[in-house]
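Heads up, the thing below is written out as structure tokens.
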Amino acid sequence: MMRSRCANATRRMLQFFVLIPIVRWFCHPLTVRGRCRLPAGAAIYIANHASHADTAALIAALPRRIRRRFAPAAAQDYFFATRGTGAATSLLTGAFPFPRSGNEGLNRAKDLLDRGTSVLLFPEGTRSRNGGMASFKCGVGKLAAYGYPVVPVGIAGTSDVLAPGTTLPRRGSVAIAFGDAIHFSHDDRPDAIASQLGQGVAKLRDGAFKARGPRRRSAHEVARDVASSRACLILAFSWGVAEAVAFPVVPDFAVALLALAVPRRFWKLALAAVCGSVAGGVIASDLGSIFGVAPVAHLPLVTPRMSAAAAGWLNQSHGWALWHQVAFGVPYKAFAWQASARGTGVVSLAAATFLVRGLRMLAVGALLALLGRVLRRVLPRIYGAFVIVFSIGFAIGLAHVVTRWS
């Protein structure tokens, strides 16, 4: 255990600059109740256990005066299995190794209490896998019988942030409720103490769930529900129509992100989007024959060079000029608006659009669907970050194309 002055100073810096900011990012919002009632001196904190995020969330919820002298118990066979993991765990959280059997863990906790350091115990012994609470082991009763104040703590929501069996956290709301300190004596039976504390923690846990409110839905859950709905096909179709006429963002963008969330829907999304492109292309072609090609220069992100290049390719290849659109990034609308004026019939434009754009959208959807299946275990936790990175990459690519054709 790292308890030297240097280790304590390093721990305080790591918690302040690293651990607590990370906790407050993932445990958002972090609701804390009863913090003002915590005892000033060394105390035994006991809490329900649902996640490896419990300790970090509780550390972030404690006032600094208590956090400075605070030591959570950590399973010796897990967190202290090697010197490296043990040193990292102790340095970051101040944890001490607690064997799963015998009295050595209790003796270490008693020694820390005697030296003025509060300890955190999870009397269930292991994390809950079913959302309930297991009975408290009587070891906590033995420690409480020494007379130190015992603070029951109810934690709710950490299993959504870091569920058992997972390694990557995701954002979720967490609530922590501190109860009033309780004192016991040597005359109290350890099993009775454990039972009383278990009931108290269970009530605090229920209160924490109420304070936490409804669980915040992740970006992946929202995208999954949207992609699975019938309205999503209408959205993909409408996006295809809008982009073919004037909208600057290709429907492939939506198809890719939704196919990533629900891989089995990629071909329906791609088909709806390309049908929208066909309909939008016909509309734009008709508008071009009515108003002429002059409006093309005023369409979003369509430069004069793009318009001129599209006109030249249409003169040469008519509807099949769309292969150049795929290769050089010239917006589809620059072709559709000029198709009629360049002698490309509606049927030829529609057929080329369905084939050329359909193949591209199916390829994009299939690629992201495959990625979604490969990442299915971690995708719920990284989907939001992936959307941000993907959007930034798409914006950079779009800016590059526009700049090149300016």
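The values are calculated or read from the model by the stated rules, or taken from the named source; none is laboratory data. Bear in mind that the values here come from a model prediction, so they are computed numbers and not experimental data. No Cβ is skipped: glycine too gets one built from the backbone with ideal geometry, and neighbour counts run over all protein chains shown.
Scanning region 98-113 for residues that are within 33 Å of the chain's Cα centre (by Cα) and either surrounded by 19 or more Cβ atoms within 10 Å (Cβ to Cβ) or closer than 24 Å to VAL161 by Cα (or both) returns a single hit, PHE98. For PHE80, the criteria (1) free of Cβ contacts under 8 Å to residues at least 40 places away in the same chain; (2) in contact with a Gly (Cβ under 9 Å, 6 or more places away or on another chain); (3) closer than 30 Å to GLY384 by Cβ hold in every case but one, which is (3).
In region 338-347 there is at least one residue matching the filter, namely being modelled with pLDDT under 95, at positive phi and not hydrophobic (A, V, I, L, M, F, W, C). Looking across region 141-175 at every residue that is in contact with a Lys or Arg (Cβ under 6 Å, 6 or more places away or on another chain) and in a loop (DSSP other than H, G, I, E, B), the one that is modelled with the lowest pLDDT is identified as LEU168. Restricted to helices (runs of 4 or more DSSP H) entirely inside region 1-92, those with at least 1 residues that are modelled with pLDDT under 90 and aliphatic (A, V, I, L, M) are 5-14. Candidates GLY147, GLY116, GLY131: the one that is under 24 Å from the mean Cα position of the chain (by Cα) and on the phi > 0 side of the Ramachandran plot is GLY131.
Would you confirm, using the coordinates I've provided, whether ALA321 is in contact with a helix residue (DSSP H, G or I) (Cβ under 7 Å, 6 or more places away or on another chain), surrounded by 14 or more Cβ atoms within 10 Å (Cβ to Cβ) and at pLDDT below 90? For ALA321, the condition - in contact with a helix residue (DSSP H, G or I) (Cβ under 7 Å, 6 or more places away or on another chain), surrounded by 14 or more Cβ atoms within 10 Å (Cβ to Cβ) and at pLDDT below 90 - is met.
Scanning region 126-140 for residues that are without any contact (Cβ under 8 Å) to a residue 60 or more places away in the chain and either crowded, with 22+ Cβ neighbours inside 10 Å or part of a loop (DSSP other than H, G, I, E, B) (or both) gives ARG129, ASN130, GLY132, ALA134, LYS137, CYS138.
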